[in-house]
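S.K.: Have a look at this one before I ask anything.
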DNA sequence: ATAAAATATGAACATATGAACATAAAAACA
DNA sequence: TGTTTTTATGTTCATATGTTCATATTTTAT
């Protein structure tokens with residue numbers, strides 16, 4: 001392995017930073033089950049739609065999720081297989097061990 | 001999967017938060033190669049010893065690393081196989097794809 | 001056209017965070 | 001004991017972050 005360069009370190013740190021908030025964690029945990037619209041997501045996670053929208057923007061900007069409009073709703077889904085992987089490893093770490 | 005509870009979400013978020021800083025990322029990347037003392041670590045990563053010590057405390061408090069004293073030096077090592085795993089997945093995500 | 005529904009955005013606020021600097025503590029050695 | 005080396009800790013400061021509230025945007029239905 002050895003020391004990784006500043007650029008990669010910053011990019012890697014940013015990925016983890018995106019995953020470093022409980023609301024975003026819970027949003028992602030729901031998204032692991034598949035596509036879902038903002039309102040349902042907010043209700044399931046137990047945060048306001050505004051808060052959900054803000055956090056989803058963060059996830060979108062980091063390209064961890066993508067969205068599509070259907071009528072007046074917007075459906076989000078996980079965008080990246082790596083994310084599910086990282087998430088699951090982290091959860092293993094937290095839950096047992 | 002389904003929604004994870006607040007407690008797990010907070011714990012998981014905290015793990016990722018611990019990994020969300022470039023200095024800590026680079027410290028860990030060096031620690032992946034094995035045990036090493038604070039001074040060498042600081043020099044390799046290119047930060048002050050004080051900064052290294054502060055960041056190592058953060059990693060220690062999250063139990064991601066452990067330390068042992070040998071004479072007047074303190075050697076750190078990664079404490080957890082999960083961490084190396086999560087780190088590697090993240091790096092894969094960042095480097096290619 | 002107007003109203004209602006769903007989502008996004010912007011501003012403001014409180015809290016958290018990392019960096020830098022100074023100081024303390026622990027161990028080795030004169 | 002006193003001094004030096006190595007690491008840890010405390011404090012201060014500037015910046016970043018998440019949430020809330022108010023407002024804007026987009027689509028559907030009347």
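The values are calculated or read from the model by the stated rules, or taken from the named source; none is laboratory data. Every value quoted in this text rests on a predicted model; they were computed, and no experiment measured them. Methodologically, a virtual Cβ is constructed for each residue, glycine included, from the backbone with ideal geometry; neighbour enumeration extends over all protein chains shown.
S.K.: Residues in the range B:28-52 that are within 6 Å of DNA strand D (Cβ to nearest atom), surrounded by 14 or more Cβ atoms within 10 Å (Cβ to Cβ) and more than 22 Å from residue B:81 (Cα to Cα): how many?
M.R.: Looking only at that region, the number is 0.
S.K.: Restricting the range A:1-15 to residues that are part of a helix (DSSP H, G or I) and more than 7 Å from chain B (Cβ to nearest Cβ), which is farthest from residue B:30 (Cα to Cα)?
M.R.: Step by step, filter the range A:1-15, then rank; the result is A:14.
S.K.: Something else: Answer yes or no as to whether residue A:74 is within 10 Å of DNA strand D (Cβ to nearest atom) and more than 19 Å from residue B:6 (Cα to Cα).
M.R.: yes
S.K.: Same structure, new question: Of the conditions (1) out of contact with any strand residue (DSSP E or B) (no Cβ under 8 Å at 6 or more places or on another chain); (2) modelled with pLDDT of 95 or more; (3) in a helix (DSSP H, G or I); (4) under 16 Å from residue B:4 (Cβ atoms), residue A:47 clears all except one; give me its number.
M.R.: With (1) out of contact with any strand residue (DSSP E or B) (no Cβ under 8 Å at 6 or more places or on another chain); (2) modelled with pLDDT of 95 or more; (3) in a helix (DSSP H, G or I); (4) under 16 Å from residue B:4 (Cβ atoms) applied to residue A:47, the lone miss is (3).
S.K.: Here's something else I'd like to know. Considering only residues that are within 10 Å of the chain's Cα centre (by Cα) and in a helix (DSSP H, G or I), which ones fall in the range B:23-44?
M.R.: Within the range B:23-44, B:23, B:24, B:25, B:26, B:27, B:28, B:29, B:30, B:31 meet the criteria.
S.K.: A follow-up question, please. Could you look through the range B:85-97, keep only residues that are under 15 Å from residue B:25 (Cβ atoms) and surrounded by fewer than 16 Cβ atoms within 10 Å (Cβ to Cβ), and pick out the one that is farthest from the other protein chains (Cβ to nearest Cβ)?
M.R.: Once the filter is applied, the top-ranked residue is B:88.
S.K.: Of all the residues that make up the range A:35-57, how many are more than 10 Å from DNA strand C (Cβ to nearest atom) and away from every other protein chain (no Cβ under 13 Å)?
M.R.: 1
S.K.: Considering only residues that are part of a helix (DSSP H, G or I) and either crowded, with 16+ Cβ neighbours inside 10 Å or within 14 Å of DNA strand C (Cβ to nearest atom) (or both), which ones fall in the range A:60-83?
M.R.: Those that are part of a helix (DSSP H, G or I) and either crowded, with 16+ Cβ neighbours inside 10 Å or within 14 Å of DNA strand C (Cβ to nearest atom) (or both): A:60, A:61, A:82, A:83.
S.K.: Going by what's in this entry, would residue B:69 be described as at the interface with chain A (Cβ under 8 Å from one of its Cβ atoms) and either touching a strand residue (DSSP E or B) at 6+ places or on another chain (Cβ under 7 Å) or over 21 Å from residue B:15 (Cα atoms) (or both)?
M.R.: Judged against the criteria, residue B:69 is not a match.
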